[in-house]
Amino acid sequence: MSSLTHSLLTTTIFLILTIFLHPSNAQLSSTFYSTTCPNVSSIVRSVIQQALQSDTRIAASLTRLHFHDCFVNGCDGSLLLDQGGNITLSEKNAVPNNNSARGFNVVDNIKTSLENSCPGVVSCADILALAAEASVSLGGGPSWTVLLGRRDGLIANQSGANTSIPAPTESLANVTAKFAAVGLNITDLVALSGAHTFGRAQCRFFNQRLFNFSGTGNPDPTLNSSYLATLQQNCPQNGSGNTLNNLDPSSPDTFDNNYFQNLLNNQGLLQTDQELFSTSGSATISIVNTFANNQTAFFQAFAQSMINMGNISPLTGSQGEIRSDCKKVNGS
């Protein structure tokens, strides 16, 4: 064997080993379960359709779970782990999730259904990705091809959830930085914020805008005055912080581009919603305008941004595990 052939062979073996030892996002595949669990998508969808019969919010809640999972340790199902065993601090008890994140029972129902059909095959992380797509689609939004093959993490990261998930009272600069930290750009930020076209938010997440914004003693000046009056009625100063409000008052359970039209009218519910349009000189303004005027452009961007988000640091190959119960690590 010539030295050139030998070195080429060595290089090839090295590359093959590198690819196998360092799995990348490229290993996620739309056909990952095509032989092991071919009906996975329809099973997920039918459980969600059932849940929607009694809970119109569930589509938005499930979409949010995928977001809150992916921003902490990547899309690894860590959000779903309850406290207990080696999990001393659950992400469910982190500030952004505590008494707020919901839909865990539906995830468990999906898992039970899948375990009946294809035991030990589909990860909880992939269930969240599939549930988000089905939820958006069932709400009237776009469909997309979900890339699959994520495995489930063995740890939770409560402190990461407290620091990495954008808070509804943060500046646009801070939120942009949190998206950039997981490889998402400003188009992803605006498109994914459009998920607030359905679902609800509790008064406590925006009441700082209603009476004493940033210590001024006045409401947030970027709030439409008649919308402000409605919100002040729903969320009085010393009222319950848990009262629910529609994120999109014009079509609260439909996935459409009305969210962006609301921003043009100063009717974004959360500070982080309205900032996308009302932050002077921001690159987000033109994107909001595009999506407000063109629902197809929004739907295409949203689908791509969901795929981008679903690609954040997945565990693949032999990393992690396939949990048999989404709430706990196997054997715990």
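Kindly state, to the nearest 0.05, the FRET efficiency for Val95 paired with Ser214, given R0 = 25 Å and r defined as their beta-carbon distance.
The computed FRET efficiency comes out at 0.80.
Which lysines does Lys178 reach when only Cα atoms under 22 Å apart count, and residues fewer than 8 places away in its own chain are ignored?
Lys92
Per DSSP helix of 4 or more residues, -39500 (n - 2.57); summed, then divided by the residues of the chain. What does that give at 222 nm, rounded to the nearest 500?
The helix contribution divided over the chain gives -14000 deg cm²/dmol.
Share of the stretch 236-322's accessible area from carbon and sulfur, percent, 1.4 Å?
44
Search the structure for amide H atoms under 5 Å from the amide H of Arg200, placed 1.01 Å from N in the peptide plane, and list their residues when 5 or more places away or on another chain.
Leu247
Grab the other residues whose beta carbon is less than 13 angstrom from that of Thr279, score K and R as +1, D and E as -1, and report the net.
Neighbour charge sum, excluding Thr279 itself: -4.
Relative contact order, percent, of the stretch 172-310 when contacts are C-alpha pairs under 8 Å separated by at least 6 residues?
Normalised by residue count, the contact order of the stretch 172-310 is 31 percent.
Select one label from (1) 21.0; (2) 21.6; (3) 20.0: the one whose number is Kirkwood radius over Cα pairs in Å as derived from the coordinates shown.
Among (1) 21.0; (2) 21.6; (3) 20.0, the one calculated here is (1).
Ignoring ligands, DNA and RNA, how do Glu275, Glu91 rank by accessible area with a 1.4 Å probe, largest first?
Sorted descending by solvent-accessible area, the residues read Glu275, Glu91.
With a 1.4 Å probe and all protein chains kept in place, how much accessible area does Val329 have, in Å² rounded to the nearest 10?
In the full protein context, Val329 sits at about 30 Å².
Is the shape of the stretch 101-237 rounded, prolate or oblate, going by the alpha carbon gyration tensor and its root eigenvalues a ≥ b ≥ c, with a/c under 1.5 for rounded and a/b larger than b/c for prolate?
Cα axes put the stretch 101-237 in the prolate bin.
The values are calculated or read from the model by the stated rules, or taken from the named source; none is laboratory data. Everything numeric in this text was worked out from a predicted model, so none of it was measured. Neighbour counts run over all protein chains shown; Cβ positions are idealised from the backbone, glycine included. These accessible areas exclude ligands, DNA and RNA; they are computed on the full protein's heavy atoms, side chains included. Shrake-Rupley method; radii C 1.70, N 1.55, O 1.52, S 1.80 Å.
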